[in-house]
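Here is the structure we will look at, set down as structure tokens.
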Amino acid sequence: MTETVRVRPLTAGDWDAVVALEREAYTDLGLSEGRAALQSRAAASPDTCFVVDVGARTAGYLLALPYPPHRYPDLTRTEGPPGEPPASGPGNLHLHDIVVAPGLRRRGLARHLLHHLTATARTRGDERMSLVAVGGTERFWSARGFVAEPGVMPAGAYGGGAVYMSKEVAAARQTRARPSLSPPVPTLREVS
């Protein structure tokens, strides 16, 4: 029996799991931010932060927030207080953090989160998505369409080898009426 995979908005009840996942993923890299910083980023843009559940288990999370192009959150500070406008309106959505539990990786859960975020970016009217690739993940992000921007050097808090990357948010596909290959159905007037 397979368990249901579901992406949903991040809620207040998710924070213990999110903090534990973040700590496990980033402590060894020296990049763990802690609960207050994570919550401040989610508070800046709650509609762009999600968790992925596998069955009843929180298997991963994603935090994204609007940021001006070529800028990124300062890992040593929290975002502004809740209710303060985000750093930037629609235009560039910065994928700050995406983590999947180690025992559940390689199951496509990050892909589910990324697809959900991309659809959200389209709905918001964002033209680009950006991120800072850390811990040698540049190839992973390149395979998902993100391109390194060499002129942008992430500050030292992101660790050596950090790479700022971005990609265009493809417009939603418009479906056009296709010409019919069958002959037109005659109207009553044409039949008589």
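Checking each residue in region 1-14 for being in contact with a strand residue (DSSP E or B) (Cβ under 6 Å, 6 or more places away or on another chain) and part of a helix (DSSP H, G or I) picks out only Asp14. Within region 44-57, the residues that satisfy the criterion of being in contact with an Asp or Glu (Cβ under 6 Å, 6 or more places away or on another chain) and under 22 Å from Val5 (Cβ atoms) are Val51, Val54, Gly55. Under the condition of being more than 13 Å from the chain's Cα centre (by Cα) and more than 17 Å from Thr137 (Cβ to Cβ), the residues counted in region 105-122 number 1. Just give me the residues in region 18-58 being under 19 Å from the mean Cα position of the chain (by Cα), small (Gly, Ala, Ser) and either buried (at least 18 other Cβ atoms within 10 Å of the Cβ) or at positive phi (or both), in sequence order. Answer for region 18-58, where residues must be under 19 Å from the mean Cα position of the chain (by Cα), small (Gly, Ala, Ser) and either buried (at least 18 other Cβ atoms within 10 Å of the Cβ) or at positive phi (or both): Ala25, Ala37, Ser40, Ala42, Ala43, Ala44, Ser45. Just the residues that are of a type in the set (A, V, I, L, M), modelled with pLDDT of 95 or more and surrounded by 14 or more Cβ atoms within 10 Å (Cβ to Cβ), please, taken from region 135-157. Listed by number, the list holds a single entry, Ala148. Restricting attention to region 122-155, the residues that are part of a helix (DSSP H, G or I) and in contact (Cβ under 8 Å) with a residue 60 or more places away in the chain add up to 1. The set of residues in region 110-121 that are in contact (Cβ under 8 Å) with a residue 40 or more places away in the chain and either of a type in the set (A, V, I, L, M, F, W, C) or part of a loop (DSSP other than H, G, I, E, B) (or both) comprises Ala110, Leu113, Leu114, Leu117, Ala121.
The values are calculated or read from the model by the stated rules, or taken from the named source; none is laboratory data. These numbers come from a predicted model, not from an experiment. Every residue, glycine as well, gets a Cβ built from its backbone with ideal geometry; the counts of neighbours run over all protein chains shown.
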